[in-house]
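Colleague: Below is the structure I would like to discuss, written out as structure tokens.
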Amino acid sequence: MELQLTSPLDMHLHLREGAMLDLVAALSARDFAGAVVMPNLVQPVDSLERLAYYGAAVEAATSNYTFAPYLTLFFRAYDEATLAAARPQIIGLKLYPDGVTTNSAGGVRDLGEIEPTLTIMERLGIPLLVHGESHGFVLDREVEFLSVYARLARRFPSLTIVMEHITTAAAVALLDEYPNLYATVTLHHLLITLDDLAGGLLQPHLFCKPIAKRPEDRAALRSAALRAHPKLMFGSDSAPHPLSRKESSGCAAGVFTAPVILPLLAELFERHDALPQLQAFVSDNARAIYGVRPPAKTITLARTPWAVPASYGDVVPFFAGQTLPWQVVTRSND
Ligand code: DOR
Ligand code: ZN
């Protein structure tokens, strides 16, 4: 049995820099026609100069593939001239509340101060991508942030707002409340709950932000993804960290899913009799929401078992060492 996907898109991806970029970029660029590349480098992508540097680095690391990197700027206060100049090169600005996740120091401290920049973004038609977590109790952080989304959606009705990596039933419900509110969801939040991370022996490779939630939250995420809710896009949040940063006291947040995304999505959608919806979930919805035109690329998966490598360099992937029922067999246009 085979399955073909046309120009799959990963609308939330961490590619890093240097040797890590060189290691992981190909693993996304071979299976996807494009990806939204996050700007949370150690020194964030927060200027036209940094954008030019990072665009060139990503381009060089993916040049062997048919792949469109959709770059983002790290949210801070910008003037109109800067955003107008950046606009042709970016898909949006990514807002991190200060300190909520990896490399988010320097993020927004006072949500009251972001409005002048949002006004410019709304005028220029630049989407706002948000890591929506409060600084509250870890399981409540996303739900506590939902009122911020609602307020922004009301105050800036022409601004496209993307709730990144949603993890709760409440966030799924909010999607239908405001026409300018959209969301991404990850593979790992469709598959795991907090039990998988911390219910038995602690599993550092499943530790991420936002943290995996309750079974009923996962059920709501699955239900929306499996019917390809038109305001929901696939965004992996694949976030590589070296083994030494994961299997250590003070484990870094991030699940490295890039090499296993399409086989595991195929398995999930097949298990729920939803394979016909996978194309919309993994590409068509994002094209409609962002108006992107990714390069043509056909990915063929076969229902042939595949053993996931134990590691890629010093990065341990999701489902490391396990055998999956599906694998990618051909990638046209490579
Ligand atoms: O788990 C996460 N890792 N969540 C994020 O929001 C950032 C990411 C990273 O960059 O490692
Ligand atoms: Zn992320």
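Colleague: I want the local charge near Pro116. Using Cβ-Cβ distances under 14 Å, sum +1 for each Lys or Arg and -1 for each Asp or Glu among the other residues.
Modeller: Around Pro116, the surrounding residues sum to -3.
Colleague: Which value, to two decimals, describes the C-alpha radius of gyration of region 110-265 once divided by 2.2 N^0.38 Å?
Modeller: 1.08
Colleague: May I pose another question? If you take every residue apart from Val316 with its C-beta less than 13 Å away from the C-beta of Val316, what net charge results, scoring Lys and Arg +1 and Asp and Glu -1?
Modeller: My count for the surroundings of Val316 gives 0.
Colleague: Find how many whole Å separate the alpha carbon centroid of region 234-303 from the alpha carbon centroid of region 114-135.
Modeller: What the calculation gives is 25 Å, centre to centre.
Colleague: Right, next: Work through the residues other than Gly235 whose Cβ is under 12 Å from its Cβ and net out their charges, Lys, Arg +1 and Asp, Glu -1.
Modeller: -2
Colleague: What ranking do Arg245, Arg303, Arg271 get, fewest neighbouring Cβ atoms within 10 angstrom at the top?
Modeller: By the 10 Å Cβ count, ascending: Arg271, Arg303, Arg245.
Colleague: Specify the residue with the greatest mean-square fluctuation among Gly125, Gly254, Gly34, computed from a Gaussian network of the chain linking alpha-carbon atoms under 10 Å apart.
Modeller: Gly125
Colleague: Pick out, from Gly92, Ala77, Thr298, the residue whose Cα sits farthest towards the positive end of the charge dipole of the chain, with +1 on the Cβ of Lys and Arg and -1 on the Cβ of Asp and Glu.
Modeller: About the Cα centre, the residue reaching furthest to the positive side is Thr298.
Colleague: Suppose we take every Cα in region 2-332 and form the convex hull; what volume per residue is that in Å³? Please list the in-between numbers first.
Modeller: On the way: hull volume 40.2 nm³, N = 331.
Convex hull of Cα atoms, per residue: 122 Å³.
Colleague: Pairs of alpha-carbon atoms within less than 8 angstrom and 6+ residues apart define the contacts here; what relative contact order does region 45-162 have, in percent? Kindly include the intermediate steps, with their values, before the conclusion.
Modeller: Details: 156 pairs, mean separation 24.7, N = 118.
RCO, region 45-162: 21 percent.
Colleague: So how strong a dipole does region 2-332 carry about its Cα centre when Lys and Arg Cβ are +1 and Asp and Glu Cβ are -1, to the nearest 20 debye?
Modeller: Dipole of region 2-332, to the nearest 20 debye: 420 debye.
Colleague: What number, in percent, do you get for the relative contact order of the chain if the mean sequence gap of Cα pairs under 8 Å and at least 6 apart is divided by its residue count?
Modeller: Relative contact order for the chain comes out at 20 percent.
Colleague: Enumerate the aspartates and glutamates that Lys297 could reach by cross-link, defined here as Cα to Cα under 17 Å, with residues fewer than 8 away along the same chain left out.
Modeller: Glu2, Asp10, Asp31, Asp284, Asp334
Colleague: Based only on other Cβ atoms within 10 Å, what is the fewest-to-most ordering of Met20, Met11?
Modeller: So the residues, fewest neighbours to most, are Met20, Met11.
Bear in mind that the values in this text are calculations on the coordinates, not laboratory data. Just so we're clear, the structure is a prediction, and the values are computed from it rather than from any experiment. A quick note on method: Cβ atoms are made from the backbone with ideal geometry, for glycine too, and the neighbour counts reach across all protein chains shown.
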